[in-house]
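Report on one structure; see the data block that follows.
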Amino acid sequence: MSNFCKEAVDISHKWQYGEATWKQRWQLRFHLLICKACAGFSRKNSKLTHLCQDAHLHQLSEAEKSAMKKRLSQAN
């Protein structure tokens with residue numbers, strides 16, 4: 001993976017979370033036109049992000065984690 005591709009991956013992540021600058025977005029667009037591997041990565045990464053958002057995932061609270069650990073240890 002070239003340095004350009006590594007940078008494209010970083011910018012792709014930033015763009016998905018609204019952290020990419022205007023200049024970075026244009027750099028990424030240009031790179032995706034010439035690099036099919038990064039274009040595929042960007043497309044798949046974007047799809048994964050949308051699937052996770054649509055799934056309405058939530059993080060377990062500490063109490064829920066403790067209760068789950070307790071149940072698992074009792075089952076063994």
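No value in this document is a laboratory result; all are computed from the given coordinates. Here the structure is a predicted model, which means the values were calculated and not measured. Every residue, glycine as well, gets a Cβ built from its backbone with ideal geometry; the counts of neighbours run over all protein chains shown.
Details
- Test: residue in the range 6-17 that is among the aromatic types (F, W, Y) and exposed (fewer than 12 other Cβ atoms within 10 Å of the Cβ): yes
- Matching residues, the range 23-76, being within 28 Å of S2 (Cβ to Cβ) and not in a helix (DSSP H, G or I): C35
- Within the range 41-76, being under 24 Å from the mean Cα position of the chain (by Cα) and among the polar types (S, T, N, Q) holds for S42, N45, S46, T49, Q53, Q59, S61.
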